[in-house]
Each structure stands twice: as C-alpha cells, then as structure tokens.
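I have placed the structure first, in the form of structure tokens, so that the comments after it can refer back to it.
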C-alpha cells in the first residue's frame with residue numbers, strides 16, 4: 001500500500017482578478033474596519049500615474065491615506081525600518097502594498113511590525129514572525145513575483161545578503177489583481193518578470209522538498225498560462241486579456257512555490273541583486289537556463305512532464321529545454337551577466353554568497369557545491 005500523501009498548504013484566503021479590480025479596495029478596507037490606509041509603493045509608480053487613482057478612490061470613500069513611496073528594489077533593512085517609523089507616526093491602521101515584489105514585501109513587514117514590534121533581524125528565517133499584523137491588501141503591478149500569495153518578505157541586510165522573513169502571518173487578507181495596473185510595464189520589465197514567474201513554477205514542480213499534488217497542478221497551470229501569454233504581451237503591451245492571464249499565471253506560480261519551495265535559480269539570483277543591484281526577475285532569468293541544464297540528470301522526468309505546458313512538440317526533457325531557450329531568446333532583455341557590467345572577478349564572491357542560501361539550496365534536485373555555483377555563474381557570464 002502506498003503511503004498517504006502528507007500536505008500542509010497555505011495561501012491568501014481571497015483573490016480578486018478582473019479588469020478594474022482596484023475599485024473594490026475601498027469596500028475591502030471598510031470591511032476590515034480601516035480608517036487610515038498606508039499605501040506602500042515606489043516613486044516610479046507615483047510618477048507613472050498608477051498610485052493617484054487608487055488614492056483618490058480610497059479618499060472618496062472617506063478613508064484617510066498616507067502614501068509611502070520610498071520603497072526601492074531589493075529593499076534594504078533601513079528602508080523597511082524607515083517605512084515602519086514613518087507610518088507608525090502617521091497612526092495608520094491598515095496597509096496596501098501597491099507595486100512589484102519589493103513594494104509588496106515591504107508592505108508585509110510594515111503591516112506586521114506596526115502591530116508586533118520586534119527587531120527585524122530576529123525575524124529572519126521560517127516561522128519566527130508569530131504575532132498579529134494590521135489588515136493587509138496587496139495589489140501587484142507586475143506579473144512576476146507572486147508576492148501577493150506568498151508568506152515571504154525578502155530584505156537586503158547591511159552585508160548585502162538577502163534574507164527572508166517566512167511566516168503565514170505575512171499572507172495578506174486579499175490579493176487584488178487588476179491587469180490595468182500592468183499595462184505600462186516596458187517590454188524588458190514585462191519579459192524579466194514573466195520569466196521570473198515561470199522560474200517559480202518550474203522550481204516548485206521540481207523541488208526536492210514539499211512538492212505535492214496541489215503545488216504540481218498550480219505549477220503546471222501557471223507555466224501554461226505564462227508561456228502562452230508572455231509572447232502576446234511582448235508583442236502588444238496593451239492586450240488586457242493577456243495581461244490578466246499573466247497575472248493569474250504569476251499568482252498560481254506564487255501559490256505553488258510558497259508551498260513547494262524554490263531552489264538553486266533563486267539561490268544564485270539573490271547575490272546578483274544584493275551585490276550588483278540587478279532586479280530580482282532579471283537575476284532569475286539570467287540564471288534559469290544554466291541551472292536547468294545542471295539539474296537535468298535528476299530532473300529529466302519532471303522536465304518531460306512540463307514540456308506540454310510550454311508548447312513543446314514532445315513530452316521530453318530536451319524538448320522542454322529547447323522551448324524554454326526559445327522563450328528566453330524572444331525576450332527583449334539582457335541575456336548574459338557581462339551585459340550588465342558584472343565583473344568576471346566578482347564571480348567567486350557571488351558563488352560564496354550563493355552558498356549562504358541553504359534555505360533554498362536544500363530544495364534543489366541536485367546537490368550544489370560552491371565550485372558548482374561558480375561554474376553556473378561562468379555559464380551565465
């Protein structure tokens with residue numbers, strides 16, 4: 001008799017996906033008892049005009065709003081702590097994270113730390129954040145990170161290391177997915193974040209730990225949506241239906257990897273963000289193919305299962321890799337580390353940094369040494 005499948009699956013309790021979904025935000029905050037909402041975002045989105053309409057909707061409903069637009073990519077600890085201090089002084093009682101992964105991750109920590117003050121450094125790791133938080137809603141402006149359905153917030157430490165706070169307390173109350181928020185994404189950002197979401201699906205499906213039937217179904221559906229719609233949105237950035245399917249694919253991939261954790265692609269991507277400030281989605285895209293090839297010996301049967309999801313003509317590992325290579329080649333973004341002025345002499349340090357990401361490396365289908373990490377960076381160079 002086969003053993004009973006063990007499963008412990010968590011995700012955001014409510015998702016709203018539709019064109020114009022941000023119109024639901026005022027009622028959602030009122031239902032949560034909010035009176036003063038913090039909008040955690042970045043200055044680029046303010047300049048792009050995405051924040052003002054949302055703020056206007058909230059204020060028209062009688063809610064006070066404080067906009068905190070100082071989030072930066074790969075948010076350093078100090079940026080998170082400054083957001084907490086400012087919004088505590090403003091006496092906000094609910095939080096909206098509006099933006100990409102950095103804004104949403106910062107919003108998660110703000111909502112938590114405003115209700116459960118603690119030294120941020122003591123929260124890094126799994127399950128250390130156990131207190132209450134303020135009401136929290138997340139609205140992504142990219143189809144990439146899936147942060148709106150993950151219990152993870154990534155922070156850059158003073159030593160340029162990326163660490164995660166991992167706790168179900170960081171899951172928001174509602175994820176609001178509005179494809180209109182993603183229409184202004186330039187092709188390079190659309191491409192990198194789309195590949196990032198595909199990485200989430202692939203690594204969840206091939207994870208050596210906690211892979212399960214629910215995450216498998218989500219990962220496959222996510223990969224099918226993302227691979228079919230990424231070329232569409234790159235060809236026509238105003239295709240609202242395809243943008244919506246990309247958001248859904250990113251969200252499903254987020255659900256998958258929140259429960260079947262990611263591995264070596266992310267472990268090698270994090271140092272690129274911490275040391276060289278390469279955006280997370282692009283870092284993942286740069287490391288994807290080298291790691292897929294490295295894992296081939298162990299993951300070939302799983303790659304074969306994923307092949308139909310990316311439009312490969314045959315359910316074979318080789319066909320899967322070829323389809324992924326074709327998708328990446330069609331993306332308007334840098335393809336090699338040297339294109340981003342990463343010095344070759346920095347690769348050994350990156351390899352040492354990657355080995356600090358044991359939380360991720362233990363999920364890889366093939367054990368990875370520092371020498372392996374260096375070769376993978378060299379492959380990506």
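Run the paramagnetic zone check for residue 346: 7 angstrom along Cα to Cβ, then residues of segment 275-290 with backbone nitrogen under 17 Å.
Counting backbone N atoms under 17 Å from the label point, the list is 275-287.
What's the center-to-center distance, using Cα atoms, between segment 24-96 and segment 170-208 in Å?
Distance between centres, Cα-based: 21 Å.
Counting other beta carbons within 10 Å of each Cβ, put 257, 9, 29 in order, fewest first.
9, 29, 257
I need the calculated FRET efficiency for the pair residue 36 and residue 121, taking r as the beta carbon distance and R₀ as 45 Å, to the nearest 0.05.
0.95
Counting pairs of alpha carbon atoms under 8 Å apart in space and at least six apart in sequence, what relative contact order in percent does segment 183-380 give?
Normalised by residue count, the contact order of segment 183-380 is 27 percent.
Using alpha carbons only, how many degrees (0 to 90, rounded to 10) separate the axis of helix 187-206 from the longest principal axis of the chain?
70 degrees
Normalized C-alpha radius of gyration of segment 15-181, against 2.2 N^0.38 Å?
Dividing the Cα radius of gyration by 2.2 N^0.38 Å gives 0.94.
Among 286, 234, 136, which comes first, second and so on when ranked by fewest other beta-carbon atoms within 10 Å?
Arranged by neighbour count, lowest to highest, 286, 234, 136 become 234, 136, 286.
Does anyone have the angle between helix 51-60 and the longest principal axis of the chain? Alpha-carbon axes, 0 to 90°, nearest 10?
40 degrees
Within 10 Å of each residue's Cβ, count the other Cβ atoms and sort 309, 251 from fewest upward.
Result, fewest neighbours first: 309, 251.
Would you give the gap between the C-alpha center of segment 128-154 and the C-alpha center of segment 232-304, rounded to a whole Å?
After rounding, the separation between the Cα centres reads 18 Å.
Sorted by average packing, counted as other Cβ atoms within 10 angstrom per residue and highest first, what order do 121-127, 52-58, 219-225 take?
219-225, 52-58, 121-127
Measure off 7 Å from each Cα along the Cα-to-Cβ vector at residue 339 and residue 298, then give the distance between these two points in nanometres to one decimal.
3.0 nm
Which of the peptides 238-246, 143-151 is most tightly packed, and how do the rest follow, going by the mean number of other Cβ atoms within 10 Å of each residue?
By packing density, highest mean first, the sequence is 143-151, 238-246.
Of all DSSP beta bridges located in segment 34-181, what percent are antiparallel, nearest 5?
25 percent
Please give the helix 280-294 orientation as an angle from the longest Cα principal axis of the chain, in degrees from 0 to 90, rounded to the nearest 10.
20 degrees
May I ask you to derive the relative contact order of the chain, considering only C-alpha pairs under 8 Å and at least 6 residues apart, and to give it as an integer percent?
Relative contact order comes out at 16 percent.
Could you work out [θ]222 nm for the chain from helices alone, using -39500 (n - 2.57) per DSSP H run of at least four and dividing by all its residues? Round to the nearest 500 deg cm²/dmol.
Helix contribution divided over all residues of the chain: -15500 deg cm²/dmol.
Need one number: % antiparallel among DSSP beta bridges in the chain, to the nearest 5.
20 percent
No lab work stands behind these numbers, since they all come straight from the coordinates. Treat the numbers as computed from the prediction; the structure is a model and nothing was measured. Cβ atoms come from the backbone with ideal geometry, glycine included; neighbour counts cover every protein chain shown.
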